[in-house]
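Notes to accompany the following structure.
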Amino acid sequence: MAGPLSGVTILDLTHVLAGPYASMTLADLGARVIKVERPGTGDDTRAFPPFKEGESAYFATINHGKESIALDLKAPEDRAIFERLLTRADVVLENYRPGVMERMGYGWEALHARMPRLIYGAVSGFGHTGPEALKPAYDMVVQARGGVMSITGERDRDPVRVGASIGDIVAGMFLAQGVLAALLELRETGQGQKVDISMLDSQLALLEHAIALTTVTGEPPRPSGARHPSITPFETFHAADGLFVIAAGNDVLFARLCEALQLPLADDPRFSTNPARCDNARLLKRLIEAVTLGEGKSHWIKVLTESGIPTGPIQNVKEVLNDPQIRARNMVVDVLDENGTPRYVAAGNPIKMSGLTDPKTRSPAPALDGNREAILAWLDRTEA
């Protein structure tokens, strides 16, 4: 797929989610991604459910459009192939614990000395510096330690993790951003850089409001359920047939909401400003629901939308996949099999660019070592 990264070759040694999510993003932008996997087993997610005819849908939807070659970097013959690949690569990505690449002879300093233009991207639980750099981590660990779980869930209930694996995904997003910045710098200086992403750092970067609140008040925020802790009304509300959301983020929108619901509250000193509404959030919710319980969700969503008030349903994933706005933005795509037949459904590329093609299908995820012959033939051609 042509794109702004067309001509960029990435050697992707990462596995599971954070690193593969980054390389998927870069592939969607046009980069060629050669996935270097362990012989025999490959990426761990090849064994993750759900399965379709014995193949992992999880793996396929994160690794579509990539190529695979299985290499044992401790074996001389495979190391020789990897060395040849390094000379043709622009970027190498890895998500081993710090020190593993160094022991194999492929750490940042060794590679930079030999190949100064090569960009080195690393993602790990705690980064490559600090007293706990060598500790292992998974998404659950960094969501817990990074503060996200402390503000997720209902007040006075046990903390819960965010339903999506944001510990991995956000780190993958930052890794992709770092690689893009390093590619720009390479154009100016001719020098590659090391991009060192910590999953724990990435969680902290999500806590913009929580950090401000803690440092100003001296008290860390607690979970507030669906309600925003500093904007009111900004949460779920009951209609006759279930919950929907209202997000009236300023005084003008609140006045419109009052008019739409025929509630004479806009000038009430308990609700006339956002700080006052936050102080009286529970009372305001009861007053609003006294009205909204009289009709169904679709009625209120229509009424509020016509008044210009941000609102919407709470959709499950099946409903999201059929959402007309999502469909119109090509955010549901088919991942093809080797015969060109749709096999899996995946999220599309959320980065929409005027010069970037956005097809409705994605090429298949690679079979383990499935591109070895083609990759070796490419090396032979380019080295001739």
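The values are calculated or read from the model by the stated rules, or taken from the named source; none is laboratory data. A quick note: this is a predicted structure, and the numbers were derived from the prediction, not measured. Note: ideal-geometry Cβ built from the backbone for every residue, glycine included; neighbour counts use all protein chains shown.
The figures follow:
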{"read-out": "Only listed residue being of a type in the set (A, V, I, L, M, F, W, C), surrounded by 12 or more Cβ atoms within 10 Å (Cβ to Cβ), closer than 30 Å to I69 by Cβ and at pLDDT 95 or above, chosen from I314, I375", "value": "I375"}
{"read-out": "Answer from F174, F254, F237 - the residue that is without any contact (Cβ under 8 Å) to a residue 24 or more places away in the chain and of a type outside the set (A, V, I, L, M)", "value": "F254"}
{"read-out": "Filter result for the condition that a residue is of a type in the set (G, A, S) and in the same structural domain as E132 (by TED's automatic domain parsing), over A110, A2", "value": "A110"}
{"read-out": "Subset tally (residues that are assigned to a helix (DSSP H, G or I) and either under 17 Å from R362 (Cα atoms) or touching a Leu at 6+ places or on another chain (Cβ under 7 Å) (or both)) for region 47-76", "value": "7"}
{"read-out": "Those residues of region 14-46 which are aliphatic (A, V, I, L, M), crowded, with 23+ Cβ neighbours inside 10 Å and part of a loop (DSSP other than H, G, I, E, B), in sequence order", "value": "L17, A31"}
{"read-out": "Total residues in region 196-244, condition part of a loop (DSSP other than H, G, I, E, B), hydroxyl-bearing (S, T, Y) and under 26 Å from the mean Cα position of the chain (by Cα)", "value": "2"}
{"read-out": "Residue within region 344-352 that is of a type in the set (F, W, Y) and under 13 Å from A60 (Cβ atoms) present", "value": "yes"}
{"read-out": "Considering residues of region 162-184 that are of a type outside the set (A, V, I, L, M, F, W, C) and surrounded by fewer than 18 Cβ atoms within 10 Å (Cβ to Cβ) only, the residue nearest to I197 (Cα to Cα)", "value": "Q177"}
{"read-out": "Wholly enclosed strands (runs of 3 or more DSSP E) of region 268-384 bearing at least 3 residues among the aliphatic types (A, V, I, L, M)", "value": "332-336, 342-347"}
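Results for (1) under 26 Å from I211 (Cα atoms); (2) of a type outside the set (G, A, S); (3) buried (at least 16 other Cβ atoms within 10 Å of the Cβ), shown as yes or no for each residue.
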site	(1), (2), (3)
E83	no, yes, no
R88	no, yes, no
G99	no, no, no
E109	no, yes, no
A113	no, no, no
G121	no, no, yes
T129	yes, yes, no
M140	yes, yes, no
